[in-house]
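The next block holds one structure in the form of structure tokens; read it before the comments.
The values are calculated or read from the model by the stated rules, or taken from the named source; none is laboratory data. Everything quoted here is computed from the prediction, not taken from an experiment. Cβ atoms come from the backbone with ideal geometry, glycine included; neighbour counts cover every protein chain shown. Keep in mind that these areas ignore ligands, DNA and RNA; they rest on the heavy atoms of the full protein, side chains included. Shrake-Rupley method; radii C 1.70, N 1.55, O 1.52, S 1.80 Å.
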Amino acid sequence: MPLGETPFDRPREACGVFGVYAPGEDVSRLTYFGLYALQHRGQESAGIAVGDGQTVLVYSKLGLVNQVFDEKVLDGLTGTHAIGHVRYSTTGSSARVENAQPAFMTRRDGGGIALGHNGNLVNPLDIARELEDLEIEVDASTDSHLVTALLAQQDTSDLVEAFRAVVPKLMGAYSITAMDEDQIVAVRDKYGVRPLVIGRLPSGGWVFASETCALDIIAADYIRDVEPGELVVADKDGLHSYTLFKPEPRLCVFEYVYFARPDSELFGRSVYEVRRAMGKQLADEAPADADVVIPVPETANAAAQGYADRSGLPYAEGFVKNRYVYRTFIQPSQTMREKGVRMKLNPLTQVIEGKRLVVVDDSIVRGTTTRETVDMLRRAGAREVHLRVSSPPIQWPCFYGIDTANRDELIGASKSIDEIRDFVGADSLGYLSVDGMLISTGVPTERFCHACFSGGYPIEVPAETARTKHVLELPVHPSNGNGRPKRAVEPVPAEPLPGITSE
Ligand code: SF4
């Protein structure tokens, strides 16, 4: 990471979910590759659950997808259907393996439910209190595990009925894949804040995924989105749709700006093309007298190309990115810092020296990373640095599954544009307007959540949640066995896969 960057100076995606119902296919490997394509949505833990008509088996662990799974583990995960999850924590400690997903709970009839969740509930304490009243103890501290526990407590063995009973109690954003021994389901809150799509394998199997890029990697065709407020079941009889709520679409616009992969589509619009359009709009709104346009790789690449196209300035790559760096908690030593060791980005002096640069980035959270980036460019000989941001200032925290930091940590909430320019050390600074961002999507503007830019929250945030530190730490109870996952696997890859057995 650049000098001075903390692991928390970028918006962080909450999670990616995946599900496949495909008897006769290698569902665990299909899920593995689906998760591999969704790795950008969460890098703290990964997990897969499989079902075979008799049992539900779960394997999850802290780490990247290719660190968590190997051939032997996948060979032990057989069945007709599977769900998978990659996680970045917005509730609960990321360091606890118990918080990895899919979450698992034993139903009252003795069967199992596994669940993966992308999003964030704004009323997790309500769910925690209800479980407490039921004397159900949960071995994890995430809203997702609480929802799984509540589903498991319903007096029905029908997963759809359980969801029908539970979803009216959930406030917030959720795109969920879940499963029992016989089926998988995909559920989306009525606002559809987080994406969730349906695909079909050439064999006829059904797939659910956070983004279309996870369909491409397994050669599945995109069929349609799971609609906001819809529950879709895939089982031996095909696909079944249930409307749980009247939809009021409010997709997170930040998915277009930063989170989603550029080769994905949202609302039927290419993320790459929308980012280019944002760059063009930015060039109209914030022109600069400069020699060359460079992106802060890689999320801003398309916006920088759009800016260059519209402005007539040449586009160049001004940084080399170490593409194999995901996250590190090991900070450079002071000596390394003084020598300017940068793990993630390194400037290309040949492109930068003596030039007046337009530097396009996708967003600024706290400003510390941006300040170091500008400093890097100046040290590499840039004559002028004109920073252009392809989204508006982030002024409000997100309560719907993105970790954008607390309000008092957001530089856009406390400083004027000029003050931010001075803080980051740029010669000029220009942001895309809220209207410009929304227009660039080509989608009716009322279909988006843009609360972190505008403060207009589409889902009411209870005062106790708004008061709480942004990353909630939910109560954790030591298990007394009542709510303990019956078939959840303690993820210890060892000979011969000791965890992957069912009771
Ligand atoms: S508040 Fe911002 S990051 Fe959160 S869902 Fe809305 S647009 Fe997305």
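Worth pointing out:
- Full extension of the segment from residue 406 to residue 169, taken as 0.36 nm per residue of separation minus the current Cα-Cα distance, would add 82.7 nm.
- For residue 364, residues with placed amide H under 5 Å, excluding near neighbours: 394
- Long-range HN-HN contacts of residue 292 with modeled amide H, under 5 Å: 356, 358
- As a calculated quantity, the FRET efficiency between residue 419 and residue 219 at R0 = 35 Å, using C-beta atoms, amounts to about 0.10.
- Listed values for the stretch 255-270 are Karplus-derived 3J(HN,Hα) couplings in whole Hz (6.51 cos²θ - 1.76 cosθ + 1.60, θ = phi - 60°), namely 4, 5, 5, 9, 6, 5, 6, x, 8, 8, 10, 10, 6, x, 10, 5, and x replaces Gly and Pro.
- The packing ranking of peptides 71-78, 279-286, 38-45, 302-309, highest mean first, is 302-309, 38-45, 279-286, 71-78, where packing means the average number of other beta carbon atoms within 10 angstrom of each residue.
- With the highest mean first, a sort of the peptides 80-87, 175-182 on other beta-carbon atoms found within 10 angstrom per residue produces 80-87, 175-182.
- Remark: the residue 309-residue 54 segment gains 86.1 nm on full extension, using 0.36 nm per residue and subtracting the alpha carbon distance.
- Using a Förster distance of 35 Å, the FRET efficiency for residue 379-residue 435 (Cβ separation, nearest 0.05): 0.45
- Placing a pseudo-label 7 Å from each Cα along the Cα-to-Cβ vector at residue 109 and residue 350 gives an inter-label distance of 6.7 nm.
- The separation of the stretch 24-99 from the stretch 124-179, counted between C-alpha centres, amounts to 21 Å.
- Peptides 411-423, 104-116 ordered by average Cβ neighbours within 10 Å, highest first: 104-116, 411-423
- Solvent accessible area, Å² - residue 245, 1.4 Å probe, full protein context: 50
- Residue 245/residue 71 FRET efficiency (R0 45 Å; Cβ-Cβ; nearest 0.05): 0.60
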